[in-house]
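A short reminder: the numbers here are calculations on the coordinates, not readings from a lab. As the structure is a prediction and not an experimental result, all values here were calculated from the model. Here the Cβ positions follow ideal geometry from the backbone for every residue, glycine too, while neighbour counts run over all protein chains shown.
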Amino acid sequence: MQKIFPFLFLLCSVDLVWAQRLDFFYEDVSIQAKGPFFSTSPSSIDYFAAVQHLEAPYPGGQGFRAYLRHLKDSIHQLPRLSSKKRTTSAIEKPVLERQFEGNVYNGSAPNDNHIAISEANILVSVINTNIFIYDLKNDTLLSVQSLQQFCNPTGLTDTKYDPRILYDPDEDRFIMVILNGFTWQTSKIVVAFSKSSLPHLDGWNLYVLNGNPLNNQTWSDYPHLAVSNSDLFITFNTFLNGSFNNSGYVESTFWQVDKQAGYRGDTSLATKYFYNIRYKSDGVDTLRPMFNFTPIKGGSGHYGDKMFLLSNENLAAQSNRYFLVTVEGKTTNSTLKIKEFNTSTPYGLPPDAQQMQNHRFDCVDARVQDGFYENNILHFVHNTITPINGAGFVYCRVERPESQQPRVSSTVFYDDSLDFGFPAISYTGRHVLENDAIITFNHSGRDYPSGMSACYVNSEGLLSERLEIERGNSYVDVIGIGVQRFYERWGDYSGAQRLYHMPGWVLAAGYGSKTNRRPETRIALLTPSKLADEPAPFNFASEFKLFPNPAHRFFEVEFVLEQPQRLRFVLTPVNHGFANQILLSTADVRRGANRFTFDTQPLRNGVYQLFIQNEEGVIIKKTKVIVLN
């Protein structure tokens, strides 16, 4: 279905009001999901196998990330300024109740932290390789799985990545999204609906969406999700296949999915796929594609059968434009409209964040990272270049966003010696007169470890100074090699959620650093200072030991491919040959240097051979593995 609309509106930023004409166009199509498949608690051995590509995209190389690398390198040459200081206000910092280490790192960067917590204090924490389910109230580990094992019922064997998790307070259920494959031939989207509020006991209904739904040789990447009263919204960017990192960007799209059918486990799951979303403004005759959509969650709960999605000019050196997409109605009869608003404070493509020893973190771009809607106000955050040419973030609020004259204000949060990135924001108010929030984010510095921080936003939109959640222990050094030795992935996002059953409290997951220069997950429980004297939502045990991970012992091996290939990673005991071989993983692997990691803890002591071979059976690499558990 194709739709094109002219739209006229008046816009008011903090001190600017003007009229502007915006034409927009979109198409949508109904596509059937495959499923349901049923996933339960781990019932088989899990080796937590992962492949990490070690090469940074380079200027002049192929693909979207290489193009972005060229833009970022030009920004990186800008000198850091010290003459401009951020205006501060006497707003009290949030209070840190407790912070602790989360999911175990097992060979993949970036973390891609995301988190959700239920009314019964059941925590689901995900990173790029694994899923932890924990009972915070009783200090009990309930389940730990790799993304691959969780998705095994679907029969998909390709690389799993970019997990997202949310808790639906209306239904007391969880929804998880995991991506499979990074070519159009293998791209699938696993959507999991928990059958109850106790997914570790009752399991999940799994569905598979096509990552190439238009059959136009594109694959889907970078998911984001939120729920309305009736539906789940999942946004994506789509790309063409490439021989190095990501290839050419094509467009940004999103799915609308009937969540009730997913919870019930219906054999027919109603979906709608929105694509070819374009706009025309500023007197330009050509319709332009919109890059990246972020669905906006409700602050204290859902806000009806509609969903706000935000987009901006995330690759611009400087811009003040934002686009508000509104989808109204349920999956079967929904419609879309778009309007534009502007701020008086510009944002722009962020530079790399500085780390110790001249290492640096990729801040990607200025896409909207997270947001919520409450009391007729949109609040959202995203990365940006700062007035001193560093990396920071924007906090923006839009009052009466659907009116002809919304009131828009924004603030850039930055520091003269630290860089910030990948913020997440959660509502902490308790009634219609409170519009406050807590923002959590990652920090790093040239002379400062990489860790996690937070700040408080009061009802007037003023930000507190930085609260340090986890200082960090070092810098992160995982993926760079050769001339790109100092490049590291950061983000690509962090997670935070309001405790719906305990208004004012927030649980967040972000980035930390270990002394061995590996990343870690930090999880924090926070509240505004005004609520600091109230009891915490759960009582911590006297010897609190969150995530008592099994004694993982990871084996790593590096190898180089001249061309991208589909590989099998097979382990065999030296005394038994291929008769007792263990298939650890099957994955499409990128050209260049790569690292394969797996957990040896489930194996019996002994000597093994690890074979890395392609689909024709050609051995790419063979190495000895000695297990002494």
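May I ask you to list the residues of the stretch 291-308 whose amide nitrogen lies under 13 Å from a point 7 Å from Cα along the Cα→beta-carbon direction of Asn333?
none
Could you tell me what % of all Cα pairs in the stretch 272-416 have separations over 17 Å?
Cα-Cα pairs in the stretch 272-416 separated by more than 17 Å: 63 percent.
Between Val29 and Ala316, what FRET efficiency follows from the Cβ-Cβ distance if R0 is 22 Å, with the result rounded to 0.05?
0.15
Quick check: Cα centre of the stretch 565-629 to Cα centre of the stretch 333-387, how many Å?
Distance between centres, Cα-based: 41 Å.
Evaluate 2.2 N^0.38 Å with N set to the residue count of the stretch 117-217, then give the Cα radius of gyration divided by it.
Rounded to two decimals, the normalised Rg is 1.12.
Suppose each label sits 7 Å from its Cα in the direction of the beta carbon; what would the Asn473-His501 distance come out to in nanometres?
For Asn473 paired with His501, the spin-label model returns 3.3 nm.
Using a Förster distance of 51 Å, how high is the FRET efficiency between Ser196 and Asp416, based on the Cβ-Cβ distance and rounded to 0.05?
Efficiency at R0 = 51 Å is approximately 0.55.
Could you list Phe486, Phe308 so that the one with the fewest beta carbons within 10 Å of its beta carbon is first and the one with the most is last?
Result, fewest neighbours first: Phe486, Phe308.
Would you order Thr326, Thr294, Thr286, Thr235 from fewest to most other beta-carbon atoms within 10 Å of each residue's own beta-carbon?
Thr286, Thr326, Thr235, Thr294
Give me the tail of P(r) for the stretch 277-328 as a percent: Cα-Cα pairs with distance above 16 Å.
The calculated P(r) of the stretch 277-328 puts 52 percent of pairs beyond 16 Å.
What does the stretch 558-627 give for Rg and for Dmax, in Å, if only its C-alpha atoms count?
12.2, 35
Can you give the FRET efficiency for Ser44 and Ala120, using 1/(1 + (r/R0)^6), R0 = 25 Å, r = Cβ-Cβ distance, to the nearest 0.05?
Efficiency computed from Cβ-Cβ geometry: 0.35.
How high is the relative contact order of the stretch 313-384, given as a whole-number percent (alpha carbon pairs under 8 Å, six or more residues apart)?
27 percent
Angle between the Cα long axis of helix 64-76 and the longest principal axis of the chain, 0 to 90 degrees, nearest 10?
Between helix and principal axis, roughly 60 degrees.
If I model a spin label as a point 7 Å beyond the Cα along the Cα-Cβ vector, how far apart are those points for Glu556 and Ala532 in nm?
Roughly 4.0 nm, to one decimal.
State the volume of the convex hull built on the alpha-carbon positions of the stretch 367-482, expressed per residue in Å³ and rounded to an integer.
126 Å³
In Å and on Cα atoms, what radius of gyration and Dmax does the chain show?
Over the chain's Cα set, Rg and Dmax evaluate to 23.4, 78 Å.
Please order Ser39, Ser44, Ser220 by the number of other Cβ within 10 Å, starting at the fewest.
Ordered by Cβ neighbours within 10 Å, fewest first: Ser44, Ser39, Ser220.
Which value, in debye to the nearest 20, describes the size of the charge dipole of the stretch 224-333 about its Cα centre when Lys and Arg Cβ atoms bear +1, Asp and Glu Cβ atoms bear -1, and nothing else is charged?
Dipole size: approximately 100 debye.
Can you check how the C-alpha radius of gyration of the stretch 183-313 compares to 2.2 N^0.38 Å, as a plain ratio?
My calculation over the Cα atoms of the stretch 183-313 gives 1.17.
So how far apart, in nm, are the two label points at Val432 and Lys514 if each is 7 Å from Cα heading toward Cβ?
So the two model labels end up 5.1 nm from each other.
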